[in-house]
Amino acid sequence: MAGLKYAHHIVSELKTTRFTPEFAAKYAQWATRILWMDNKIVDGAFQMNCSWYMRPPAEVMPEASAHTHDADEIIGFFGSNPLDPYDLAGEIEFWLEDEQYFITRSSLIFVPGAMKHCPLLIRRVDRPIFHFSTVTTGQYKYIPEEKKE
């Protein structure tokens, strides 16, 4: 595709400078990040992240704790059984404001801008779970709850 005018709009390998090597190594112990896109990767793009969850993490990652964003976000979890695509084959605990939800089916979650969400706790993984999140701004801006005023 080299030399084509819009080839830079197609991302087919993981490119991100967002994560420290230490964070990436911890994440890799329980999940495989597939692709990441934001406006640093493709000018004008909004943020998108895709990963496979392979097992529950040993500890809660900081960005899985309660936080907000200035922009809307959609978070997805999909089971990997093509014969039963709605069976998550796992359990994810997810919070919207102060309400606790247990996700056991393939799901999309809409989080309006400024809504407190998470923690996101992966309780069980029987088969790999495909996860994605997209934030409608060019960069993922994580605002921890304890730093909000």
* Asked: Residues with amide H under 5 Å of R124's amide H, sequence separation 5 or more or different chain, H placed in the peptide plane at 1.01 Å from N; which?
  -> E91
* Asked: Which value in deg cm²/dmol, rounded to the nearest 500, describes the helix-derived mean residue ellipticity at 222 nm for the chain, given -39,500 (n - 2.57) per DSSP H run of n ≥ 4 and division by the residue count?
  -> -1000 deg cm²/dmol
* To do: For the chain, build the convex hull from the C-alpha positions and give me its volume per residue in Å³.
  => 127 Å³
* Structure fact -> Out of F19, I75, Q100 - ranked by how far each Cα lies towards the positive end of the dipole of the chain, with unit charges on the beta-carbon of charged residues - the top one is F19
* **In the stretch 30-79, the GluC sites (Glu not before Pro) that fall in loop regions by DSSP, at most 10 other Cβ within 10 Å** => E59
* Asked: Based on Cβ point charges of +1 for Lys and Arg and -1 for Asp and Glu, what charge dipole magnitude is obtained for the stretch 1-105 about its Cα centre, in debye rounded to the nearest 20?
  -> 700 debye
* Residue by residue through the stretch 41-58, which ³J(HN,Hα) values in whole Hz follow from phi under the Karplus form 6.51 cos²θ - 1.76 cosθ + 1.60 (θ = phi - 60°), with glycine and proline marked x? -> 8, 10, 3, x, 6, 8, 7, 9, 10, 10, 8, 9, 8, 9, 6, x, x, 5
* Structure fact -> Fewest-first ordering of K15, K26 by Cβ atoms within 10 Å yields K15, K26
* Structure fact -> Plugging the Cβ-Cβ distance of D98 and D72 into 1/(1 + (r/R0)^6) at R0 = 25 Å yields, to the nearest 0.05, a FRET efficiency of 0.80
* Structure fact -> For the chain the mean separation of alpha carbon contacts under 8 Å (6+ apart) over residue count, i.e. relative contact order in percent, is 28 percent
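Values in this text are rule-based calculations from the coordinates and carry no lab data. Keep in mind it's a predicted model, so treat the numbers as computed, not measured. Don't worry about glycine lacking a Cβ; one is built from the backbone with ideal geometry, like all the others, and counts go over all protein chains shown.
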